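Just below is one structure, and these are the notes that go with it.
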Amino acid sequence: MKYLAWFSGVLVTLVAVVYVVIFTSLGNGLLKPIVEDKIQQQTKLDSKLTTFTLNMSSFEVLLELNANNSVLIKGNYSLFSQAFDVAYRVRLDNLESLKELSDLPLQGKLYTDGKVKGDMSFMEVDGKSDVGEGDTTYHVELTDLNPTSIIAEVKNAKLSSLLYLGAQSQYASADINLDVNFKNINPGKLDGDILLITKNAKIDSQLMKKDFNVTIPNTSFAMKLDAKLKGNDVDYSYDLSSKLFSILSSGNVKPEPLQTDITYSLNIKELALLKPVIGADLRGAFKLNGTVKGSKEKLIVKGKSDLAESDTKFEAVLKDFAPKSIVASVKNLKLKKLLYMIKQPHYTDGILFLNADITNAAVGSLKGKVQTDIKNGLLNSKYITKLAGFESLMPRTTFNSTTTTILNKNLLDTKVDFNSNLVDLDIKKASYNLKDSSLKSDYLATVANLDKLFFVTQRRMKGDLSVNGELVKIKDLDLTIHTKIAGGNVDAKLHNDDFHAEFKSVSTKELLGMFIYPEIFQANLDGKLNYNLAQSKGVFSGHVIDGNFVNNNTFNLIKQYTKFDMYRESFNGDIAAEINKEKILASLDFRSKQASVKTTNAKINTKTKMIDSDVTIQAKKNTVTANIIGDINAPKVKVDLEKLMKSKAGDALKKEINKGIDKLFKKFF
């Protein structure tokens, strides 16, 4: 009995201590700083418990979260039955300062107050709020702390206020009415309905112009959502309509497990309206309608659209909401309209056709085929000329193309057949790796008439040209070029900015003829060019073999007055050039057994098309020198006949001076 009495005494003492600490003003004063500190740790705010009273049957707590934000809770409770009757009042006048409590950006004000009655097994919450400047009432029932029933009514809430509350730009205004009547919200036992109606809705055209540079007329719209929930089924209809856009959708949805059978329709007269929502800079009209049927494991989305005045159809199968397969066809899509819609320059016209059959759309496991055809293509010559800075107008260019792409896991193998009145391009296989973004492709480019490229080269040419090679882009860019030109071969390589080309057995006469120069020299040319594209610098070195000059007035005079036939001479020699952007410093040295033609450091400017060169012609012991300067197409030629005049041939040649020996040199060069 002694120990029992001792134990009872200790127990009574402990109960008394607990009572004093928890349920008396003295104890409340001791607990208040402890509770306040815990709240500050959890909220990360400078929170204060302005009021903290707790006794055996009632309590009152006034918590100031920070300046202008407070929560008041007071009421009665039964410690033994765990029943309670509590009133609450929430006054949040500065939501911006509560960002630590929410992942969402908030601003403005929010008030709500009400009562909570019941016990831990079942309780009811009745309250009201001014959210969105509206009149909101709500009744929530909770069983074992889980919501089982919700009845709420929102009258005349302002959309602009709700957007401001969520720190969103107020691109639209509207009056919102919402009725929520859920007798049961337990999964599988749904019983209720939702009715959402907006009135007096308008889009703020001035704000759209300011934020997105989108000009739209003053536009009003209306929206209605009517949903009936029963068991696992949700039957709904949705209607959003205005003069500029409309969205319709209706059908049945089973949330758990997901099953859908719905129809949808979009009719948007101005895509620019969607920029605040999707972030894409689009414009123009767009229509889309279709169905969505199936489950999470297999969801079939079908659609039909008039995208860019086309007849577009698609069917996509989704697994776990990720694309599994896609079948699509596009007919008669107008490229001009498409470029307008995506706000791209009008650089081409044409009609696009597309057929896609992708049996596996999963990234890394792609399987399928996509074919694209463009017919009646027409490039916008004026725009491309301006964009590229061509000195002359690009000719009218028409084209057709067919592109076939085979999808195989991470590889996209593409075949291209492009035909135009300027150039034809054929690619048998361009292989693009999605995993490492590498590209490997062959190519064959054919120009039937080089003169049509004058707008690019600014030089008249004749003949045709065919170029083939391979392009590889992994980390570095590597391009090979192979072509036959002027009876010889040209093989070139481009590694990033470094270009290297080798010329073998190129006929100088044919080369001059191709560029419509006087065909004054016939030889076989071998040469090498090394050039850096980024620096626009390079060097050329070449060697001519068995060269012979063709008939020209200068050599005819030499033959007439020196009795030496330059045409019988076979010349070998070297050509060299240093290239620094538009400036070229060139030299040539052609020699035969008894003659030579030489120029050193000839200055040529490809931008200004000016030349400054000294030329020396040696025929046995007779020497003719000249300076060529001025416009490369019509230079001034100054002939120095001093050395030649001292010979017998010079006496005879004096008679020809007055006939314009400079013109003869011009024709020669």
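The values are calculated or read from the model by the stated rules, or taken from the named source; none is laboratory data. On a predicted model such as this, the values are computed, not experimentally measured, just so you know. FYI the Cβ positions are ideal-geometry reconstructions off the backbone, even for glycines, and counts take in every protein chain you see.
Key figures for this structure:
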item	result
Count of residues meeting criterion [charged (D, E, K, R) and either assigned to a strand (DSSP E or B) or within 21 Å of ASP526 (Cβ to Cβ) (or both)] in region 579-608	5
Every residue from region 196-238 that is surrounded by 17 or more Cβ atoms within 10 Å (Cβ to Cβ) and in a strand (DSSP E or B)	THR198, ALA201, ILE203, THR219, PHE221, MET223, LEU229, VAL234, TYR236, TYR238
Residue match in region 239-248 (condition: outside any strand (DSSP E or B) and under 26 Å from LEU338 (Cα atoms))	yes
Subset of region 416-453 (residues that are within 24 Å of the chain's Cα centre (by Cα) and under 22 Å from GLY350 (Cβ atoms))	VAL416, ALA430
Filtered residue count, region 118-149, keeping only those that are assigned to a loop (DSSP other than H, G, I, E, B) and over 17 Å from GLY75 (Cβ atoms)	5
Qualifying residue in region 186-195 (condition: acidic (Asp, Glu), more than 18 Å from VAL253 (Cβ to Cβ), surrounded by 15 or more Cβ atoms within 10 Å (Cβ to Cβ) and touching a Leu at 6+ places or on another chain (Cβ under 8 Å))	no
Breaking point among (1) in a strand (DSSP E or B); (2) modelled with pLDDT under 80, for GLN618	(2)
Residue ID - farthest from LEU407 (Cα to Cα), chosen from residues in region 305-323 that are over 24 Å from the mean Cα position of the chain (by Cα) and either surrounded by 16 or more Cβ atoms within 10 Å (Cβ to Cβ) or modelled with pLDDT of 95 or more (or both)	ASP311
Residue in region 24-46 that is modelled with pLDDT of 85 or more, outside any helix (DSSP H, G or I) and of a type in the set (Asp, Glu) present	no
Sole residue being part of a loop (DSSP other than H, G, I, E, B), under 21 Å from SER305 (Cα atoms) and not hydroxyl-bearing (Ser, Thr, Tyr), chosen from LYS337, LYS343	LYS343
In region 416-438, residue surrounded by the fewest Cβ atoms within 10 Å (Cβ to Cβ) [restricted to those that are touching a Ser or Thr at 6+ places or on another chain (Cβ under 9 Å) and assigned to a loop (DSSP other than H, G, I, E, B)]	ASN421
Within region 467-572, strands (runs of 3 or more DSSP E) holding 2 or more residues that are more than 20 Å from LEU588 (Cα to Cα)	477-485, 488-495, 498-507
Candidate set: region 142-162, residues that are surrounded by fewer than 17 Cβ atoms within 10 Å (Cβ to Cβ) and of a type in the set (A, V, I, L, M, F, W, C); chosen: the one modelled with the lowest pLDDT	LEU145
Candidates ALA523, ALA492 - the one that is outside the structural domain of ASP612 (by TED's automatic domain parsing), at pLDDT 95 or above and touching a Ser or Thr at 6+ places or on another chain (Cβ under 8 Å)	ALA492
Top-ranked residue of region 113-135 - restricted to ones that are surrounded by fewer than 18 Cβ atoms within 10 Å (Cβ to Cβ) and without any contact (Cβ under 8 Å) to a residue 24 or more places away in the chain, ranked as nearest to LEU195 (Cα to Cα)	ASP135
Residue match in region 261-268 (condition: under 14 Å from ASN289 (Cβ atoms), outside the structural domain of ILE342 (by TED's automatic domain parsing), aromatic (Phe, Trp, Tyr) and modelled with pLDDT under 90)	no
Yes/no for GLY166 being closer than 21 Å to THR136 by Cβ and of a type in the set (Gly, Ala, Ser)	yes
Check on ILE194, over 23 Å from PHE221 (Cβ atoms) and among the hydrophobic types (A, V, I, L, M, F, W, C)	no
